[in-house]
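Read through the structure below, which is laid out as C-alpha cells, and then see the notes.
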Amino acid sequence: MGYLAQLIVQVYPRKATTEHLIQKRRDKVYLDYLQNVRGRSMAFPYSLRPLPGAPVSTPLTWEEVAEKKIAPGDFNIHTIRGRLERYGDLYRDLLERPNDLTPLLELIED
C-alpha cells in the first residue's frame, strides 16, 4: 500500500501527501496507507466518531472537495440525515462499479 500511496504523491505532488504531520500537509489530501494493516481501526462511511460535536465520517463529492468550503464539523449526528436525504448514499454503488487500475499501472511502466 505504501508504494501505491507514494506513486499517487509522485503523480499529484500538489494534491496528495503521505506526510503525517498536519502542519506540513497544507491543503493536500493525506494518504494514510499506514492504517490499512491488520489490527488498525478505521472510520467507515457514516460512522459516528467519538469526538466532541459527534462528527460522522462522511463521504464527499469531488465538487465539495474542489470548492474547499466544508469543514469536518459540518458533518455530525445532527446534520447527517439531511445530507443523506439531499445526496443519498454516496457509497451505495461502490462495490458495483468496477475500479480500473490500468491507467495507474501504465504510469508504473513508463
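Throughout, read-outs are computed from the coordinates displayed, never taken from laboratory work. Only a predicted model underlies this, so the values are computations on that prediction, with no experimental measurement involved. Every residue, glycine among them, receives a Cβ derived from its backbone with ideal geometry; neighbour counts consider all protein chains shown.
Observations on the model:
- Exposure proxy for I8, I77: other Cβ atoms within 10 Å of each Cβ, ordered fewest to most, give I77, I8.
- The helix-based estimate of mean residue ellipticity at 222 nm for the chain, built from -39,500 (n - 2.57) per DSSP H run of four or more residues and divided by its residue count, is -8500 deg cm²/dmol to the nearest 500.
- Stretched out straight at 0.36 nm per residue, the stretch from S57 to V37 would grow longer than its current Cα-Cα span by 5.3 nm.
- Each residue of region 32-46 is assigned a 3J(HN,Hα), and the resulting list reads 8, 5, 5, 7, 8, 9, 4, x, 8, 9, 9, 8, 7, x, 6 Hz, derived from the Karplus form 6.51 cos²θ - 1.76 cosθ + 1.60 (θ = phi - 60°), x at Gly and Pro.
- Remark: region 59-64, residue by residue, has Karplus-estimated 3J(HN,Hα) of x, 10, 7, 5, 4, 5 Hz, where x stands for each Gly or Pro and the curve is 6.51 cos²θ - 1.76 cosθ + 1.60 at θ = phi - 60°.
- In terms of other Cβ atoms within 10 Å, K69, K28, K15 run from fewest to most in the order K69, K15, K28.
- Among R40, R25, R14, the residue with the largest mean-square fluctuation in a Gaussian network model of the chain, with springs joining Cα atoms closer than 10 Å, is R40.
- Each principal axis of the Cα cloud of region 21-93 was evaluated for its coordinate range; sorted largest first, these ranges are 33, 30, 30 Å.
- Within a Gaussian network of the chain (alpha carbon springs, distance under 10 Å), most fluctuating of A16, A71, A54: A71
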